[in-house]
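Trainee: First, the structure itself, so that you have it in front of you.
The values are calculated or read from the model by the stated rules, or taken from the named source; none is laboratory data. Please read all numbers here as calculations on a predicted model, not as lab measurements. Ideal geometry is used to build each Cβ from the backbone, glycine not excepted, and the neighbour counts take in all protein chains shown. For accessibility, only protein heavy atoms count, side chains too; no ligands or nucleic acids. Shrake-Rupley method; radii C 1.70, N 1.55, O 1.52, S 1.80 Å.
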Amino acid sequence: MIKHICAIGMLSICTVPAFAQQTQGDPKKTEVWEPVPVMVTPGKTPTAAPADAIVLFDGKNLNQWQAKKGGAAKWKLEPDGAMTVVKGTGDIMTKQGFGSCQLHIEWRTPAKVESEGQGRGNSGIFLMGRYELQILDSYNNRTYSNGQAGSLYKQHIPLVNASKKPGEWQVYDVVFTAPSFFSDGNMATPAKFTVFHNGVLIQNNVELKGNTVYIGQPFYEAHSNKEPIILQDHGNPLSFRNIWIREL
Ligand code: MG
């Protein structure tokens with residue numbers, strides 16, 4: 001997960017403002033291993049974009065995306081309508097900024113299971129470039145509960161584990177409320193997430209304590225009311241498809 005630090009540290013060269021990160025200390029101190037969310041077998045099929053949505057990815061091109069480190073997004077466009085992380089090309093982010101929104105995104109962890117814990121099928125969706133909804137292969141893959149699939153990384157454990165098997169398409173439907181800030185930069189109202197994983201409620205209007213951090217305690221830093229959405233290259237060949245958003 002060290003990439004969180006590297007990646008966020010590079011934001012200063014993008015459209016996202018830089019913010020301080022704690023890079024000292026023990027990341028294990030913020031791992032929470034209990035309770036373990038119970039497994040729930042999902043039953044829902046994915047949803048096509050409604051008429052008023054902004055389509056961020058429909059399988060045809062990466063026109064809505066760019067590399068976070070600059071230049072074109074270098075993830076691989078697949079013949080089946082997906083795009084796949086190309087290890088080492090880095091995170092990608094939307095060209096457009098978004099604040100409060102409804103987001104639909106489908107993702108697939110590799111069918112070939114390699115590694116374990118945080119090393120298995122890891123990616124993530126960073127709303128406003130800094131609030132991570134974790135993506136992980138959490139099908140029979142124990143890790144700290146506040147770092148498994150559907151966690152708001154190191155802040156909120158999912159209510160249940162609605163994970164599908166490796167290699168199967170999965171869905172997040174997210175309702176995100178952007179935080180607001182006073183003119184002095186202090187947080188006025190926190191970021192909030194409601195998340196459905198494969199149609200199952202896993203986060204119920206939870207409040208974030210601040211930016212996602214790997215080490216130490218989260219904290220807020222003021223930012224504009226629209227920021228890009230980032231998808232994480234954590235080194236695993238995750239695929240994505242059917243990504244659409246409705247601004248709220
Ligand atoms: Mg991640």
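Trainee: Would you be able to tell me the number of residues in segment 123-135 that are of a type in the set (Gly, Ala, Ser) and more than 9 Å from the ligand (Cβ to nearest atom)? If you could, list the steps in order and put the result at the bottom.
Mentor: Filtering segment 123-135 for residues of a type in the set (Gly, Ala, Ser) gives 123-124, 129.
Filter once more, keeping what is more than 9 Å from the ligand (Cβ to nearest atom): 129.
The qualifying residues number 1.
Trainee: Continuing with the same structure: Is it true that Leu231 is within 15 Å of the ligand (Cβ to nearest atom), out of contact with any helix residue (DSSP H, G or I) (no Cβ under 9 Å at 6 or more places or on another chain) and within 17 Å of Phe98 (Cβ to Cβ)? Step through it out loud before you land on a result.
Mentor: Details: within 15 Å of the ligand (Cβ to nearest atom): yes; out of contact with any helix residue (DSSP H, G or I) (no Cβ under 9 Å at 6 or more places or on another chain): yes; within 17 Å of Phe98 (Cβ to Cβ): yes.
Here the answer is yes, as Leu231 does meet what is asked.
Trainee: Of all residues in segment 166-181, which are outside any loop (DSSP other than H, G, I, E, B) and within 24 Å of Leu136 (Cα to Cα)? Quick ask: steps written out before the conclusion?
Mentor: Just the residues of segment 166-181 that are outside any loop (DSSP other than H, G, I, E, B), to begin with: 169-177, 180-181.
Selection gives Trp169, Gln170, Val171, Tyr172, Asp173, Val174, Val175, Phe176, Thr177.
Trainee: Is it the case, given these coordinates, that Thr143 is within 12 Å of the ligand (Cβ to nearest atom), over 15 Å from the mean Cα position of the chain (by Cα) and β-branched (Val, Ile, Thr)?
Mentor: Judged against the criteria, Thr143 is a match.
Trainee: Looking at segment 104-122, which of the residues that are more than 16 Å from the ligand (Cβ to nearest atom) and crowded, with 17+ Cβ neighbours inside 10 Å is nearest to Tyr144 (Cα to Cα)?
Mentor: Selected residue: Glu106.
Trainee: Further, regarding this structure: Please determine whether any residue of segment 168-178 is modelled with pLDDT of 95 or more, charged (D, E, K, R) and surrounded by 22 or more Cβ atoms within 10 Å (Cβ to Cβ).
Mentor: The first filter runs over segment 168-178 and keeps only residues modelled with pLDDT of 95 or more, leaving 168-178.
Now restrict to residues that are charged (D, E, K, R): 168, 173.
Checking which are surrounded by 22 or more Cβ atoms within 10 Å (Cβ to Cβ) leaves us with none.
No, that holds for no residue.
Trainee: Return the pairs, sorted by first residue and then second, in which the second residue is of a type in the set (Phe, Trp, Tyr) and open to solvent by less than 30 Å² (accessible area, probe 1.4 Å), the first residue lies in segment 172-186 and is within 21 Å of Pro158 (Cβ to Cβ), the beta carbons are less than 7 Å apart, and the residues are 6+ apart or on different chains.
Mentor: Val174/Phe193; Phe176/Phe193
Trainee: Mind checking which residues of segment 60-74 are more than 19 Å from the chain's Cα centre (by Cα) and in a loop (DSSP other than H, G, I, E, B)? Don't jump to the end; show me each part of the working.
Mentor: Applying the first criterion (more than 19 Å from the chain's Cα centre (by Cα)) to segment 60-74 yields 60-61, 63, 70-72.
Once the filter is applied, which keeps residues that are more than 19 Å from the chain's Cα centre (by Cα) and in a loop (DSSP other than H, G, I, E, B), segment 60-74 yields Lys60, Asn61, Asn63, Gly70, Gly71.
Trainee: Follow-up. Checking the conditions here, which among Ile125, Ile135 is hydrophobic (A, V, I, L, M, F, W, C), within 15 Å of the chain's Cα centre (by Cα), under 24 Å from Thr45 (Cβ atoms) and surrounded by 24 or more Cβ atoms within 10 Å (Cβ to Cβ)? Let's see the steps before the verdict.
Mentor: Working: Ile125 fails: surrounded by 24 or more Cβ atoms within 10 Å (Cβ to Cβ).
It is Ile135.
Trainee: Tell me which residues, restricted to segment 182-223, are assigned to a strand (DSSP E or B), more than 27 Å from Ala162 (Cα to Cα) and in contact with a Pro (Cβ under 7 Å, 6 or more places away or on another chain). Explain how you work it out, then say what you get.
Mentor: The first filter runs over segment 182-223 and keeps only residues assigned to a strand (DSSP E or B), leaving 187-189, 192-197, 200-207.
Pick out the ones that are also more than 27 Å from Ala162 (Cα to Cα) and you get 187-189.
Scanning segment 182-223 gives Met187, Thr189.
Trainee: Looking at Ala67 and the list (1) open to solvent by 50 Å² or more (accessible area, probe 1.4 Å); (2) in contact (Cβ under 8 Å) with a residue 24 or more places away in the chain, which single condition is not satisfied?
Mentor: All conditions pass for Ala67, except number (1).
Trainee: Report yes if some residue within segment 197-204 is under 16 Å from Gln102 (Cβ atoms), more than 14 Å from the chain's Cα centre (by Cα) and among the polar types (S, T, N, Q); otherwise report no.
Mentor: Yes, segment 197-204 has at least one match.
Trainee: When you scan segment 75-165 for strands (runs of 3 or more DSSP E) that lie fully inside it, which ones turn up with 3 or more residues that are of a type in the set (A, V, I, L, M, F, W, C) and touching a strand residue (DSSP E or B) at 6+ places or on another chain (Cβ under 9 Å)? Lay out the reasoning, then the answer.
Mentor: On the way: elements: 92-94, 101-108, 123-127, 131-135.
Where strands (runs of 3 or more DSSP E) fall fully within segment 75-165 and carry at least 3 residues being of a type in the set (A, V, I, L, M, F, W, C) and touching a strand residue (DSSP E or B) at 6+ places or on another chain (Cβ under 9 Å), they are 101-108, 123-127.
Trainee: Is it true that Thr94 is surrounded by fewer than 18 Cβ atoms within 10 Å (Cβ to Cβ), hydroxyl-bearing (Ser, Thr, Tyr) and over 28 Å from Lys29 (Cα atoms)? Before you say what the answer is, go through the steps one by one.
Mentor: Values: surrounded by fewer than 18 Cβ atoms within 10 Å (Cβ to Cβ): no; hydroxyl-bearing (Ser, Thr, Tyr): yes; over 28 Å from Lys29 (Cα atoms): yes.
So Thr94 does not fit the description; no.
Rundown of residues vs (1) surrounded by 17 or more Cβ atoms within 10 Å (Cβ to Cβ); (2) away from the ligand (no atom under 16 Å from the Cβ), yes/no style:
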{"residue": "Ala162", "(1), (2)": "yes, yes"}
{"residue": "Met187", "(1), (2)": "yes, yes"}
{"residue": "Lys192", "(1), (2)": "yes, yes"}
{"residue": "Asn204", "(1), (2)": "no, yes"}
{"residue": "Leu208", "(1), (2)": "yes, no"}
{"residue": "Asn211", "(1), (2)": "yes, no"}
{"residue": "Ile215", "(1), (2)": "yes, no"}
{"residue": "Phe219", "(1), (2)": "no, yes"}
{"residue": "Glu227", "(1), (2)": "yes, yes"}
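Trainee: Out of all the residues in segment 72-91, which are at positive phi and either of a type in the set (Ser, Thr, Tyr) or open to solvent by 50 Å² or more (accessible area, probe 1.4 Å) (or both)? Steps first, please.
Mentor: As a first pass, look at segment 72-91 and keep what is at positive phi: 81, 88, 90.
Within segment 72-91, just Gly88 meets the criteria.
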